[in-house]
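First the structure, in the form of structure tokens, and then the observations on it.
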Amino acid sequence: MNDHHRQDRGDDAPPATSKQRDDALDEVAGGAVEPKGDSLTGRTVTINRPRAEVYAYWRDFATLPTFMDNVERVDRIDEKRSHWVVKAPAGRTVEWDSVITEEREGETIAWASTEGADVPNSGRIDFRDAPGGRGTQVTATIVYDPPAGAVGKLIAKIFQREPAIQARRDLRRFKQLMETGEIATAARTRKQFEEEA
Amino acid sequence: MRALTWHGKHDVRVETVDDPEILNPRDAIIRVTSTAICGSDLHLYDGYIPTMRKGDILGHEFMGEVVETGSGSTLEKGQRVVVPFTIACGGCFHCSKHQYSACDNGNPADNQDIAMELYGQPMSGLFGYSHMTGGYAGGQAEYVRVPFSDVGPIVVPDGIDDDEVLFLSDILPTGWMAAENAQIEPGDTVAIWGCGPVGLFAVQSAMLMGAERVIAIDHFPRRLELARRFGAETINFEETRTYEALMEMTGGIGPDAVIDAVGLEAHGFFVDNVIDQIKASTFLGTDRTHAIRQAIVACRKGGRVSMPAVYGGMVDKFPLGALMEKGLTLKTGQTHVQHYMPGLLSAVMEGKIDTTFLISHRLPLERAPDGYRMFHDDQDEVTKVVLKPGMH
Ligand SMILES: NC(=O)c1ccc[n+]([C@@H]2O[C@H](COP(=O)([O-])OP(=O)(O)OC[C@H]3O[C@@H](n4cnc5c(N)ncnc54)[C@H](O)[C@@H]3O)[C@@H](O)[C@H]2O)c1
Ligand SMILES: [Zn+2]
Ligand SMILES: [Zn+2]
């Protein structure tokens, strides 16, 4: 289990929790992720639903914007490739094509952006049965390259501003959707709801 | 609609705001018929709770009539419901264990970060209680949007008065869970700090659970009198040395179980809170009380400590040694309201629990600011204020 987590380090903890950023990146590289960049973020969430169902929802990339706040849309190009449009500050968007580099039904989806991506990135989502019949553990590991330059700085803001928090929030929304069929909102009126979105 | 909004310390107003709307399939809209001001609301009124914003609608104890339902709601228009103050989804691991106040999904994703930092994991959402617990609009209003309406609200039959069932929303289950957490055994003596609504329902619950003696502690004569009405013996901590009295009253053993129903605004409690805002507004002395410390020290060896009282951050000089050396058990938490509602509704309908004794004042919603002031300024006289949006 989780062979990619265990390389030379002395424990069984996931690479994203390592105190040594470089080691962690090496380790991810040693696994199925081809690291595109030097920023790493990883998060695990337990979802009280069967693994097949959770995997199937994620594998349909077009539905990801439902719970990923920054993602405007994901267009399917073919079985392996998709086109991503992601919100950036000041009403801009950044875009890239992404290709699936590894896929194991019900277990793993790994991807990497192709040449010319505005924000080079790669990552993997692992799905495991949670112990004790608690559903599915979903782990997201994302490596990305914050862009340089003036526009880059703006763009970097959304990605660098606590990317771990962003990943955590997205995973929570995914969990809410799977467990409750909706995404919790505290808005009172439709107007407030739309302002928040 | 009209709603009671928060604007800062000791500044609440009734204003006209937009009506709530159905936003998610499992939502329902409730027209509020009765809503209470809680001791916890006073923490907001006094400005102790961070992450409040101007214009937030308060209130987490409310009931009313279903006027609109989303496609996933199991409620029907016209039903009368009492709404739990905890917003829980019913589908996560914690909800499956009936730990509703620990629900993973009741709090919107973006609001979970603060609690994650403070407590390690986020708790459920709460109505009308700051943005850390969701930022949901509360029930001191004419209408409320109730999320997850298929698992939260309990339908009450016609013919039973609002005043009899309103407290199912919070303080009755809270008092009950406090007594349950005290793991009362036959022959037990249970000591309860605080004779507010929570403490008084804990007194009744402890009696129903078979406590042989209940000793209630407060400094308000009228509140102590109410405790006595339900069979408790009393200690007025302004007149009596509490620890000594408890030891003497229990033959030198100490109470078998102790309940702290006082909380973070305990008169004089010293709170060393991690939240700077609370720190800044807290210049209380250390002498006026120490309910939880005193409870732990008074508790008999091998006894049980139940703490329904709310704390937000760090507490200084916590008697960890006494807890360990005496082998005490500590149980606490926000109430898992949904778990207790059905059983307690039956108990109320069968007349086993008295709820209406608590209400000292009934006011129209328009007079809510007066209600806050009265409740804040005269805790002896004012035991519970119920606001009635329909009343003029
Ligand atoms: N766990 C939950 O889910 C939950 C739910 C509701 C309320 N609460 C909390 O329970 C606590 C009590 O709520 P309430 O509505 O009854 O509040 P309240 O303010 O009406 O009552 C508190 C009582 O404690 C008394 N008191 C103060 N210092 C004391 C001391 N040193 N010794 C003994 N008594 C003392 C006060 O005189 C008062 O009568 C609050 O902290 C509230 O936030 C918790
Ligand atoms: Zn309350
Ligand atoms: Zn839940």
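Taking the Cα centre of chain B as reference, the dipole from Cβ charges on Lys and Arg (+1) and Asp and Glu (-1) amounts to some 480 debye. Given the options B:Ile235, B:Ile253, B:Ile217, state which has the largest fluctuation in a GNM of chain B using a 10 Å cut-off (strictly under) for Cα springs. Among B:Ile235, B:Ile253, B:Ile217, the largest mean-square fluctuation in the Gaussian network model of chain B belongs to B:Ile253. Inter-label distance, B:Lys331 to B:His376: 3.6 nm, where each label sits 7 Å from its Cα along the C-beta direction. Fully extending the segment from A:Thr189 to A:Ala62 would add 43.0 nm, taking 0.36 nm per residue of separation and subtracting the current Cα-Cα distance. Report note on the peptides B:191-200, B:333-342, B:51-60: ranked by the mean count of other C-beta atoms within 10 Å, highest first, their order is B:191-200, B:333-342, B:51-60. If you restrict to DSSP beta bridges whose two residues both lie in chain B, what percentage is antiparallel, to the nearest 5? DSSP beta bridges in chain B are roughly 55 percent antiparallel. Between B:Tyr243 and B:Asp46, full extension at 0.36 nm per residue minus the direct alpha carbon distance yields a gain of 68.0 nm. Counting Lys and Arg as +1 and Asp and Glu as -1 over every other residue whose Cβ lies under 13 Å from the Cβ of B:Pro173, the net charge comes to -3.
Springs join every pair of Cα atoms under 10 Å in this Gaussian network model of chain B, and among B:Gly64, B:Gly72, B:Gly138 the largest mean-square fluctuation is at B:Gly72. If you take every DSSP beta bridge whose two residues both sit in the protein assembly as shown, what share of them, in percent to the nearest 5, is antiparallel? Taking every DSSP beta bridge with both residues in the protein assembly as shown, the antiparallel ones total about 75 percent. Inter-chain neighbour count for B:92-102: the average number of beta-carbon atoms from partner chains within 10 Å of each residue's beta-carbon is 2.
Rule-based calculations on the coordinates, nothing more; no lab input. Since the structure is predicted, the reported quantities are computational estimates derived from the model, not experimental observations. All Cβ positions, glycine included, derive from the backbone under ideal geometry; neighbour counts span all protein chains shown.
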